[in-house]
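Worksheet: the structure to be examined is printed underneath.
The values are calculated or read from the model by the stated rules, or taken from the named source; none is laboratory data. As the structure is a prediction and not an experimental result, all values here were calculated from the model. Here the Cβ positions follow ideal geometry from the backbone for every residue, glycine too, while neighbour counts run over all protein chains shown.
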Amino acid sequence: MAKKRSCLSISAFLLIAVAALGAHYSFGQSKEEAAVREALMKSASSFEKNDMAAMTQVWANDESVTVFESGHANYGWADYRDHHLGPEMKEMKNTKYSFSDMKIHVAGNTAWATMKYSIAADIGEPGKTRHVQGAGLATAVLEKRDGQWRIVHWHSSAPRRGPTPSPTPKNP
């Protein structure tokens, strides 16, 4: 009887230990996923606010950055910031930029996320503005550097638009 009780005690202890270890691992993983989500959302929020200083806090600020958007490539943070992001942010006003259907995966100090994005903004000079809207798919790759998740790669694409219909010829 004592032997049976001892086996049950050991089994119960092992079961609790395994459950605690699993809960710890699961919590750690979701904590990292939440940190990646936070970095991506901060990137979107910074874009909406035209806040380049905040952008530098979530992007890697070195040559490891690659960005592929709409068939164009940027290599390195300076190239992306100076020839793409900065001019785009300067041109857009009243910007709304959001992510949905985000799926995040973490493996050590590397994470990747897929998502849907939507964007709307006013473009142009005062009195000559036009409202634009768009949506598409994106993939981000992040690295954990000095305890912070940094975006090192971004790839987005929008659905192809159909050709503009030709005007119907008028009969003479």
Where HIS155 falls short, out of the listed (1) assigned to a strand (DSSP E or B); (2) surrounded by 13 or more Cβ atoms within 10 Å (Cβ to Cβ); (3) over 13 Å from the mean Cα position of the chain (by Cα): (3)
Given the condition in contact with a Gly (Cβ under 9 Å, 6 or more places away or on another chain) and within 18 Å of SER45 (Cα to Cα), answer yes or no: does some residue in the stretch 128-137 qualify? no
Restricting to the stretch 79-114, count the residues that are within 29 Å of ARG130 (Cα to Cα) and not acidic (Asp, Glu). 18
Members of the stretch 92-137 that are outside any strand (DSSP E or B), over 30 Å from LYS31 (Cα atoms) and either modelled with pLDDT of 95 or more or among the hydroxyl-bearing types (Ser, Thr, Tyr) (or both): THR129
Residue by residue through the stretch 65-110, note down the ones that are closer than 14 Å to ILE151 by Cβ, among the aromatic types (Phe, Trp, Tyr) and under 15 Å from the mean Cα position of the chain (by Cα). PHE68, PHE99
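In this structure, is ARG37 within 20 Å of ALA138 (Cα to Cα) and either at pLDDT below 95 or surrounded by 14 or more Cβ atoms within 10 Å (Cβ to Cβ) (or both)?
Working: within 20 Å of ALA138 (Cα to Cα): yes; either at pLDDT below 95 or surrounded by 14 or more Cβ atoms within 10 Å (Cβ to Cβ) (or both): yes.
It is true that ARG37 is within 20 Å of ALA138 (Cα to Cα) and either at pLDDT below 95 or surrounded by 14 or more Cβ atoms within 10 Å (Cβ to Cβ) (or both).
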If you take the residues of the stretch 49-64 that are in a helix (DSSP H, G or I) and over 14 Å from the mean Cα position of the chain (by Cα), which of them is farthest from SER157 (Cα to Cα)? ALA53
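Restricting to the stretch 65-90, name every residue that is assigned to a helix (DSSP H, G or I) and loosely packed, with under 15 Cβ neighbours inside 10 Å. Give the derivation first.
At the first step, the residues of the stretch 65-90 found to be assigned to a helix (DSSP H, G or I) are 77-90.
Correct list: ALA78, ASP82, HIS83, GLY86, PRO87, LYS90.
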